[in-house]
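Heads up, the thing below is written out as structure tokens.
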Amino acid sequence: MMSFLSVRELFLSRHKNGSSFTLHVPELDLYSGQTLAVVGQSGCGKSTLTDILALILKPDRAEKFVMRDGSREKDLFAATAGQQAEIRGTDIGYVLQSGGLFPFLSVQENIMLPGKLAGMSHAELKNRSAELAAAMGIDDQLAKKPQFLSGGQRQRVAIARALVHRPKLVLADEPTAAVDFVSAEDICRLLKKTVAENNAALLIVSHDRALMHKHADCEVTFSLERNDGRVTSTLVRV
């Protein structure tokens, strides 16, 4: 089975006040229809990895960093800024840890935004946003501004927004961190169900190992090595 996203020997280093942090991804493959969990302690590089896969951060080097679209292969490391922006807008859905909703837009307008940027028609977007809102249990909140929603409702809006343009890769950074256990279970089920319907790959970053054991198809974590102010965090399979 061919992977949708494939990474080999990827590195990103950061230096600050005489110390350094290096993220090392020896090998990572994501498959369409698969849910991969990234678990680990704070500061190990979970969100950094997600930002790299979302094409927000550019790695220092990578032997291989590609996304496959049918028989075509997109070299994400060699892509220009413009090409990366196009890939982000069409192929990637990102659920930010903070939610990242725009307070001046309604719930429905927030959900529709990525679709607008991807060139979807207004009629299609209205239908798609209403369908996703119903699936997320927030269809009665579409006219409200985000500040009038609960934390769990805002997270559901963020998920619907990430899925509206039917991306092939969905990245969710701690999507259940701000909700209770029951809501966390619901969010994981909804994410997996909606992603499966589009045959997309799903990567969830979480500190909740028990929840990920239950919902993920496979898990990865990080092995940390410290030496004289230098920290190297290496991705490993659980």
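Picking from residues in the range 86-100 that are of a type in the set (D, E, K, R) and within 13 Å of the chain's Cα centre (by Cα), the one that is nearest to A200 (Cα to Cα) is D91.
For the range 28-82, which positions are basic (K, R) and either in contact with a Phe, Trp or Tyr (Cβ under 8 Å, 6 or more places away or on another chain) or open to solvent by 60 Å² or more (accessible area, probe 1.4 Å) (or both)? Write out each step before concluding.
Of the range 28-82, the ones basic (K, R) are 46, 58, 61, 64, 68, 72, 74.
K46, K58, R61, K64, R68, R72 - these are the residues of the range 28-82 that are basic (K, R) and either in contact with a Phe, Trp or Tyr (Cβ under 8 Å, 6 or more places away or on another chain) or open to solvent by 60 Å² or more (accessible area, probe 1.4 Å) (or both).
A search for C-beta distances below 7 Å between a residue of the range 15-37 that is at pLDDT 90 or above and any residue that is aliphatic (A, V, I, L, M) and assigned to a loop (DSSP other than H, G, I, E, B), counting only pairs 6+ apart in sequence or on different chains, returns Y31/M1; S32/A200; T35/A216; L36/A216; A37/A216. Of the strands (runs of 3 or more DSSP E) lying entirely inside the range 1-62, those containing at least 1 residues that are farther than 26 Å from T80 by Cβ and touching a His at 6+ places or on another chain (Cβ under 7 Å) span 35-39.
Look at the range 169-190: where a residue is surrounded by fewer than 18 Cβ atoms within 10 Å (Cβ to Cβ) and a partner is part of a loop (DSSP other than H, G, I, E, B), sitting 6+ places away or on another chain with Cβ atoms under 7 Å, you get A177/Q97. Just the residues that are assigned to a helix (DSSP H, G or I) and either among the hydrophobic types (A, V, I, L, M, F, W, C) or farther than 19 Å from D173 by Cβ (or both), please, taken from the range 144-156. Q147, F148 - these are the residues of the range 144-156 that are assigned to a helix (DSSP H, G or I) and either among the hydrophobic types (A, V, I, L, M, F, W, C) or farther than 19 Å from D173 by Cβ (or both). Which ones in the range 114-143 are open to solvent by less than 80 Å² (accessible area, probe 1.4 Å), within 24 Å of C188 (Cα to Cα) and outside any helix (DSSP H, G or I)? If the condition is that a residue be open to solvent by less than 80 Å² (accessible area, probe 1.4 Å), within 24 Å of C188 (Cα to Cα) and outside any helix (DSSP H, G or I), then G137, I138, Q141, L142 are the ones that fit. Here the range 93-113 is the region considered, the condition is being touching a helix residue (DSSP H, G or I) at 6+ places or on another chain (Cβ under 6 Å) and assigned to a helix (DSSP H, G or I), and the residue that is most open to solvent (accessible area, probe 1.4 Å) is Q108.
Using the structure shown, decide if E197 is open to solvent by 30 Å² or more (accessible area, probe 1.4 Å) and within 18 Å of the chain's Cα centre (by Cα).
On the way: open to solvent by 30 Å² or more (accessible area, probe 1.4 Å): yes; within 18 Å of the chain's Cα centre (by Cα): yes.
Here the answer is yes, as E197 does meet what is asked.
Looking only at the range 214-238, which residues are modelled with pLDDT of 90 or more, open to solvent by 60 Å² or more (accessible area, probe 1.4 Å) and either farther than 25 Å from E9 by Cβ or assigned to a loop (DSSP other than H, G, I, E, B) (or both)? K214, D217 - these are the residues of the range 214-238 that are modelled with pLDDT of 90 or more, open to solvent by 60 Å² or more (accessible area, probe 1.4 Å) and either farther than 25 Å from E9 by Cβ or assigned to a loop (DSSP other than H, G, I, E, B) (or both).
The values are calculated or read from the model by the stated rules, or taken from the named source; none is laboratory data. All figures in this text were calculated on a predicted structure; none of them were measured in a lab. Here the Cβ is made from the backbone with ideal geometry for all residues, glycine too, and neighbour counts use every protein chain on show. For the accessible areas, the whole protein counts, side chains as well, though only heavy atoms, and no ligand, DNA or RNA atoms are used. Shrake-Rupley method; radii C 1.70, N 1.55, O 1.52, S 1.80 Å.
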